[in-house]
Amino acid sequence: MNGTSLTSDFKNWVKQGNSVTILIIINIVVFLLFAISGFISAAGATSVGDFLYNNLSLHTLPSILIRKPWGVITTAFTHIGVWHILGNMLIFFFFGNLFRTEVGNKRVVPLYLLSGFLCSCVLILFYNLIPGMRGIDSTGIGASGAVMCFVVAAATLMPNLEISIFFVVNVRIKWVAAVLVLIDLVSLPHGNFGGHVAHLAGAAFGYLYIRQLQQGRDLVAPISGFFDRVSGLFSKKEPASTRKFKPKKSPLRVVRNNEPSHASRLDQLLDKINEKGYNSLTTEEKTWLRKYSDEK
C-alpha cells in the first residue's frame with residue numbers, strides 16, 4: 001500500500017492542469033449522464049435520454065438548429081456507446097498530449113472547440129447543399145472530428161515520430177494519420193456519411209492549423225486571448241507592493257540538494273514547456289537543458 005486513495009490520485013491528476021485531461025473528464029461526465037438516463041428510462045421515465053440527446057447533439061435542419069445552436073459545440077462532448085467514447089478518448093489522450101507537449105497546454109482547449117465547431121459547420125453545409133439531403137434533420141454526436149484534428153496536427157508537427165502498434169511494430173505517426181484519413185475516404189459511400197465527413201474536415205483543419213502556426217499565424221489566438229481575459233477577471237490580484245513572482249508548479253519536479261540554482265532553473269524550464277511547449281524554449285535554454293540531462 002502506498003497510502004494514497006483513488007480520490008487523492010484523481011485530484012492530483014486534475015491539479016496538473018493538463019487540458020487534455022480536463023476535456024476527457026468532461027466527455028466522461030456527459031457519457032455518464034447518458035448512462036444514468038438509461039437507468040432512469042428503464043424505470044419508466046423514457047423521455048430523459050431523448051431530452052439529453054435532442055439538446056446536446058447537432059441538428060442539421062435549419063429550423064431546429066436555430067432553436068438549439070449550442071449543438072455545434074456540445075456535439076463534440078457527447079457520446080452514447082462505450083466503444084464510441086473509449087476509442088475517441090484513447091486516441092485523443094495520446095495525440096492530444098503529443099500536441100500539447102510540442103506547442104503548449106493553452107492551445108489545446110481552443111483548438112478542440114474550434115475544430116469541433118468547424119466540423120459541425122461542414123456537416124450543416126453538406127446536409128443543406130447536397131441534393132437529396134435537404135430537408136433531412138440529421139443529428140450527430142461525438143468528438144471524432146476534433147480528435148482527428150489533433151491526430152493530423154500531431155502528425156504534421158512531428159511526422160517521423162515512431163509509435164508502437166500493439167507493442168509489435170513501430171510506425172511513424174504520419175502513416176498512422178494517413179491510414180485513418182484513407183479509411184474515412186473509402187468509407188464515405190458505405191454508411192455514416194456525416195461521421196466520415198466530420199473526420200475529414202477535422203483532419204484538414206488540423207493540417208491547416210499547424211501549417212499556419214509554423215508561418216507565425218495562430219488561428220486559435222483570439223479564443224486563447226478571450227480565455228485569458230475571462231480568467232483574469234476572476235483571479236485575485238495582490239497589491240503591487242506585496243506581489244512577488246512565483247513560478248507555477250510543474251507536475252514534473254526534480255530536486256538536487258547540492259545544486260539549488262540548477263534545480264530552480266530546471267523547474268522554470270519545465271514549467272515553460274508544460275505551458276507553451278518545447279519549441280517555446282530559446283536556443284540557449286535548449287542547450288542548457290540538454291547539457292543538464294547529459295550530466296544526470
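Contact order for segment 98-230, expressed relative to its length and based on alpha carbon pairs under 8 Å spaced 6+ residues apart, stands at 32 percent. Relative protection proxy for 183-189, 166-172, from highest mean packing down: 183-189, 166-172 (other beta-carbon atoms within 10 angstrom). Karplus-based coupling profile of segment 186-196, in residue order and whole Hz: 6, 8, 3, x, 10, x, 6, 4, x, x, 5, with θ = phi - 60° in 6.51 cos²θ - 1.76 cosθ + 1.60 and x standing for Gly or Pro.
Taking the centroid of alpha carbons for each part, segment 171-219 and segment 45-94 are 21 Å apart.
FRET efficiency for the GLN268 to LEU33 pair, using the beta carbon distance and R₀ = 51 Å, is estimated at 0.80. Sorted on the mean count of surrounding Cβ atoms within 10 Å across their residues, most packed first, peptides 23-35, 105-117, 144-156 read 144-156, 105-117, 23-35. Using 0.36 nm per residue and subtracting the Cα-Cα separation, the extra length available between ASN279 and GLN214 on full extension is 22.3 nm. Placing pseudo-labels 7 Å out from each Cα toward the beta carbon at ILE22 and TRP70 gives an inter-label distance of 1.9 nm.
Give me the net charge of ASP137's neighbourhood, meaning all other residues with Cβ under 12 Å from the Cβ of ASP137; Lys, Arg count +1, Asp, Glu -1. Net of charged neighbours comes to +3. In this structure, ILE130 and HIS190 have a Cβ-Cβ separation that, at R0 = 22 Å, corresponds to a calculated FRET efficiency of about 0.85.
Shape verdict for segment 57-177, please, from the Cα gyration tensor: rounded (a/c under 1.5), prolate (a/b greater than b/c) or oblate. Here segment 57-177 falls in the prolate category. For segment 168-174, backbone phi angles converted through the Karplus equation (6.51, -1.76, 1.60; θ = phi - 60°) give residue-by-residue couplings of 10, 10, 8, 10, 5, 5, 5 Hz, Gly and Pro being listed as x.
Bear in mind that the values in this text are calculations on the coordinates, not laboratory data. All values reported here derive from a predicted model rather than from experimental measurement. All Cβ positions, glycine included, derive from the backbone under ideal geometry; neighbour counts span all protein chains shown.
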